[in-house]
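In what follows, a single structure is set out as structure tokens and then discussed.
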Amino acid sequence: MIATGISAISFYTPHRYIGLETLAEHHGIDPEKFSKGIGQEKIAMPGHDEDIVTMAAEAAKPIIDRYGADGIDTVLFATETGIDQSKSAGIYVHQLLGLPANCRNVELKQACYSATPALQMACSYVARKPDRKVLVIASDVARYDLDSSGEATQGAGAVAMLVTANPTVLEIGANSGVFTEDIMDFWRPNDRRTPLFDGKYSTLRYLNAMTEAWKDYQANGGHAYDTFSHFCYHLPFSRMGEKAHGRLAKANKTPIDMDKALSGMAYNRVVGNSYTASIYLSLMSTLENTEGDLTGNMIGLFSYGSGATGEFFDAKVVEGYADHLFTKRHQDILSERVSVSYDEYVALWNAPNVVDGTSEPLAEEARGRYRLARIDENKRIYIDQHA
Ligand code: HMG
């Protein structure tokens with residue numbers, strides 16, 4: 001069977017964040033509830049002229065610059081926070097990046113999970129057409145109501161992955177374990193910007209979905225627990241990953257080896273929840289924050305999307321993978337960010353919601369190359385500031 005998987009992986013997150021100690025101070029609660037209790041430090045905050053499209057284009061651009069667009073004939077855009085009920089956000093990105101016109105483009109939805117079926121479908125496709133490449137993009141703005149229990153678990157970010165035959169970074173295994181159940185743990189009706197959720201229940205269903213997906217993975221010829229040097233989890237907040245890893249180790253009657261999951265939490269702790277992008281941010285965090293050469297190592301991944309579907313699958317690190325990472329760029333993106341005050345955070349949170357067909361120019365806030373310049377008669381106008 002032909003090897004398929006990821007040949008490049010890159011992320012982007014906006015240049016502003018609110019520190020969770022600022023949020024704790026505003027609410028008059030112990031900051032350790034956030035730093036230790038939920039294991040988060042910062043919430044990435046997009047400007048009013050940044051959204052899932054601009055973040056996605058920023059994430060994918062370095063891949064196109066380094067590898068070109070030749071052979072890319074499919075864009076799969078995964079998101080929970082779509083900006084249109086009909087048109088795929090990927091079409092705007094396709095235009096911004098100058099991808100070939102002979103390209104298919106589609107958006108996928110299942111809460112935080114949909115980048116994983118996108119990756120699996122992309123692998124199946126390039127196995128059939130090894131001369132083609134697929135751009136898989138996951139991009140989300142995780143926004144909860146102010147003063148709600150989910151407020152500290154907000155965030156924003158995008159991950160772009162180039163999926164090819166004979167991959168140069170990670171070979172995605174053909175075996176996976178899946179689980180679906182119809183539950184109301186987190187959902188967002190069409191007329192709402194923020195989700196409805198049952199927080200504690202959602203954490204319990206997440207853990208159950210992981211256990212069931214792991215069992216299915218084992219039943220389908222998956223690797224044994226001890227095979228894996230690292231594990232990556234969907235991370236709505238990093239303590240969730242710690243709980244998941246503890247549960248998995250226990251299910252396998254193994255002492256809890258948290259080191260196998262910690263390097264995969266470094267980026268997520270300072271970005272916050274990025275929904276569909278979250279598990280792939282964790283994957284990048286593992287590759288870029290683990291000391292030593294990971295060549296040949298096996299990574300186990302658990303992807304979860306409320307509602308709910310979970311999938312456990314595996315990836316093998318390919319020799320020479322480090323040459324295809326964007327580690328320095330990612331470290332710069334994170335280190336060059338600035339913090340905002342509580343009042344600035346509220347102003348950013350209250351993004352204009354133009355639904356009446358009027359024209360709304362948006363203040364120039366984005367530091368990246370791409371921005372949403374205005375919404376004009378219900379049309380979103382994106383610009384490339386370098387064009
Ligand atoms: P909460 O009510 O804010 O917090 O809810 P809590 O009171 O349960 O405290 C959290 C932890 O902090 C507890 O530890 C406390 O003991 C500890 P635990 O019992 O969990 O071990 N704590 C402290 N620790 C140190 N010092 C202190 C202190 N005080 C308390 N002073 C909750 C937390 C996660 C429920 C909330 O943030 C929430 O509702 N978040 C949104 C929903 C969510 O993220 N669910 C996760 C699973 S579902 C999922 O992952 C899918 C999702 O990403 C969406 C999608 O699929 O699209 C959400």
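The values are calculated or read from the model by the stated rules, or taken from the named source; none is laboratory data. Quick caveat, the model's predicted, so the values are computed rather than measured. With ideal geometry, Cβ positions are generated from the backbone for all residues, glycine too; neighbour counts draw on all protein chains shown. Side chains are part of the model used for accessible areas, which takes the heavy atoms of the whole protein and leaves out ligands, DNA and RNA. Shrake-Rupley method; radii C 1.70, N 1.55, O 1.52, S 1.80 Å.
What the table shows:
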read-out: Magnitude of the charge dipole, the chain, Cβ model with Lys/Arg +1 and Asp/Glu -1, debye to 20; value: 700 debye
read-out: Value of D in µm² per second that Stokes-Einstein yields for the chain, Kirkwood Rh from Cα pairs, at 20 °C (1.002 mPa s); value: 103 µm²/s
read-out: Portion, in percent, of the accessible area of the chain that falls on carbon or sulfur, probe 1.4 Å; value: 48 percent
read-out: Value of [θ]222 nm, deg cm²/dmol, for the chain, DSSP H segments ≥ 4, -39500 (n - 2.57) each, nearest 500; value: -9500 deg cm²/dmol
read-out: For ALA3, residues with placed amide H under 5 Å, excluding near neighbours; value: ASN166
read-out: Förster radius 30 Å - calculated FRET efficiency between LYS200 and LYS87, Cβ distance, rounded to 0.05; value: 0.25
read-out: Net charge of Cβ neighbours under 14 Å - reference ALA387; Lys, Arg +1; Asp, Glu -1; value: +2
read-out: Cut-off 14 Å between beta-carbons: net charge of the residues surrounding LYS109, Lys and Arg +1, Asp and Glu -1; value: -2
read-out: Peptides ranked, highest mean first, by Cβ atoms within 10 Å: ranges 319-325, 280-286; value: 280-286, 319-325
read-out: J(HN,Hα) series, the range 72-83, from Karplus relation 6.51 cos²θ - 1.76 cosθ + 1.60, nearest Hz, glycine and proline x; value: 6, 10, 8, 10, 10, 10, 9, 7, 9, 10, x, 9
read-out: Of all DSSP beta bridges in the range 1-147, antiparallel share, percent nearest 5; value: 20 percent
read-out: Extreme residue, positive dipole direction of the range 156-280, given options LEU235, GLY222, LEU162 (C-beta unit charges); value: LEU235
read-out: Pairs from LYS33/LYS253; LYS200/LYS328; LYS109/LYS129; LYS129/LYS215; LYS109/LYS200; LYS87/LYS328 whose Cα-Cα separation, in the structure shown, is over 28 Å; value: LYS33/LYS253; LYS200/LYS328; LYS129/LYS215; LYS87/LYS328
read-out: Separation in nanometres of the label points that stand 7 Å from Cα toward Cβ, at GLU21 and THR254; value: 3.6 nm
read-out: Among SER229, SER176, SER274: highest mean-square fluctuation, GNM of the chain, C-alpha pairs under 10 Å; value: SER229
read-out: Rounded to 5, percent antiparallel among DSSP beta bridges of the chain; value: 70 percent
read-out: In nm, spacing of pseudo-spin labels at ALA347 and GLU32 (7 Å Cα→C-beta vector); value: 3.5 nm
read-out: Relative contact order %, the chain, counting alpha carbon pairs below 8 Å whose residues are six or more apart; value: 25 percent
read-out: For ALA142, residues with placed amide H under 5 Å, excluding near neighbours; value: GLY155, ALA156, GLY157
read-out: Mean-position separation - Cα centroids, the range 43-69 and the range 318-340, in angstrom; value: 14 Å
read-out: Distance from the range 279-302 to the range 139-206 (C-alpha centre basis), Å; value: 19 Å
read-out: Nonlocal amide H pairs with GLY173, under 5 Å, H built at 1.01 Å; value: ASP314, ALA315, LYS316
read-out: Cα extents of the range 74-171 along the three principal axes, largest first (Å); value: 50, 28, 19
read-out: Derived scalar couplings ³J(HN,Hα) [the range 31-41; Karplus, 6.51 cos²θ - 1.76 cosθ + 1.60; whole Hz; x for Gly, Pro]; value: x, 5, 4, 7, 5, 9, x, 10, x, 10, 10
read-out: Per residue solvent-accessible surface (Å²) - the range 1-126, probe of 1.4 Å; value: 37 Å²
read-out: Derived scalar couplings ³J(HN,Hα) [the range 202-208; Karplus, 6.51 cos²θ - 1.76 cosθ + 1.60; whole Hz; x for Gly, Pro]; value: 4, 5, 5, 5, 4, 5, 5
